[in-house]
Structures are given as structure tokens and as C-alpha cells.
Amino acid sequence: CVHVPLDPELPAERLACQLDDCGARLLLAAQPAAWQPAIPVWPLALSDDTEPEGTALEPVTLHRDQAAYLIYTSGSTGLPKGVPVPHRPVAEYFVWFVDEYQIDAGERLLQVASPSFDASVFEMMMAFSAGARLVIVPPTVYGGAELTDLLSREGVTHGFITPTALASIEDEGLESLRILAVAGEACPPELVA
């Protein structure tokens, strides 16, 4: 019962390596994989009474010190390595975060990070912890007018992006945005202003 986020845009060899390394028994996918994984694929659009053949999983008891998710390193020193993150610090962090950043069920949070980065888990868990809506940025949108339009159209209230992406968006039409945080690189004072 460990979540292993995968970016379908990554090379098939890397995805297969990650699935093999973590011992995955089931792949949840929004659309069929472009490559043929060696494990059953469960489409996310199933009805409540549909279960693909060969995917019955036994119920398990979770403990706070067990891994909640496994995130893979970039593999810059060789093969990617899985880093387990336990339930306890994840749960404690998001209880604090939801309170600190005033997130409730009426909020709309931006998800811009690739599923292969730990920031994507951060974005999802922030929204899910409060029952808020997650606004997923398409992988072809990097910033500029397209990102500005999406923020405005979807009424995003909370965004966590890089300074580079922030510098590319326009000021107009973002009245719904209440909290904006930047991370991942230096943020110059002019951009803050």
C-alpha cells in the first residue's frame, strides 16, 4: 500500500525500472500505458463494480511508521533510487500546512509539478487533506499566457510554483489567487514586488 508516483512522459525503460525496483503489483493509469508494463494496469475510469482480472489485493493494516509513498531520485549517479517517506511525518506536515495556509474544501489548488517529483505529492496531499479541488496543469503548459488563463479560468486560490513560472504569468485576471508560494530556485526581490 505504498504510492509510487510515475510520470507517463518519462522513458519506458525508466518507468519499467522503477516498477520492478519497488515491486509494484498494480499500475493505476488514466489512460493506457504507451509501453507494456509487466503488471496489471487498472484504468482510473472504472465503475465501482468493475475490477480487472488478476488484480485482487488483500486488505492490509497500515501503521504510521510505514512508507506512505516512494519517490525516485533523478538517477544522476546511476539508476534512480526509491526514497520511502513514512505516513507519520506526511500526516503531521499536512495537518500543519492546511491550517497555516488556510486551505479548506472550497479552495482550488494548483498542481503543476511532474508526478515524478516529490512536489507533486505535496500538491496532491495539500488538496486532499482539506477536501479541496486539485487543478492539474496539462504537461504541455509551462507558464505564460496559457498558465495565466488556466489560473483565471479555474479560479485557483493557492499556487506553489517556481520563480521562473511566476515571472512568465500576467498580473491581470488572478483575483481568486489568495496564496502564492515559490520554491525550487532563487526568487529575486523584483519578482516579489
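Residues in region 55-90 that are of a type in the set (Ser, Thr, Tyr) and over 14 Å from Ser116 (Cβ atoms): Thr55, Thr61, Thr77. Which of the residues belonging to region 1-33 are of a type in the set (Lys, Arg) and surrounded by 13 or more Cβ atoms within 10 Å (Cβ to Cβ)? Hit for region 1-33 is Arg14, nothing else.
Search region 1-42 for residues being in contact (Cβ under 8 Å) with a residue 12 or more places away in the chain and of a type in the set (Asp, Glu), and hand back the single one that is farthest from Thr61 (Cα to Cα). Checking each candidate, the answer is Glu9. Got at least one residue in region 55-64 being among the aliphatic types (A, V, I, L, M), surrounded by 15 or more Cβ atoms within 10 Å (Cβ to Cβ) and either assigned to a strand (DSSP E or B) or at pLDDT 80 or above (or both)? Among the residues of region 55-64, not one is among the aliphatic types (A, V, I, L, M), surrounded by 15 or more Cβ atoms within 10 Å (Cβ to Cβ) and either assigned to a strand (DSSP E or B) or at pLDDT 80 or above (or both), which makes the answer no.
Just to be sure before I move on: is Arg14 touching a strand residue (DSSP E or B) at 6+ places or on another chain (Cβ under 9 Å), modelled with pLDDT of 80 or more and among the basic types (Lys, Arg) in the structure I sent? Here the answer is yes, as Arg14 does meet what is asked. Among the conditions (1) under 30 Å from Ala12 (Cα atoms); (2) in a helix (DSSP H, G or I); (3) touching a Phe, Trp or Tyr at 6+ places or on another chain (Cβ under 6 Å), Met124 misses just one, which is (3).
The values are calculated or read from the model by the stated rules, or taken from the named source; none is laboratory data. Because the structure is a prediction, the values reported are computed rather than measured. Reconstructed Cβ throughout: ideal geometry from the backbone, glycine too, with neighbour counts over all protein chains shown.
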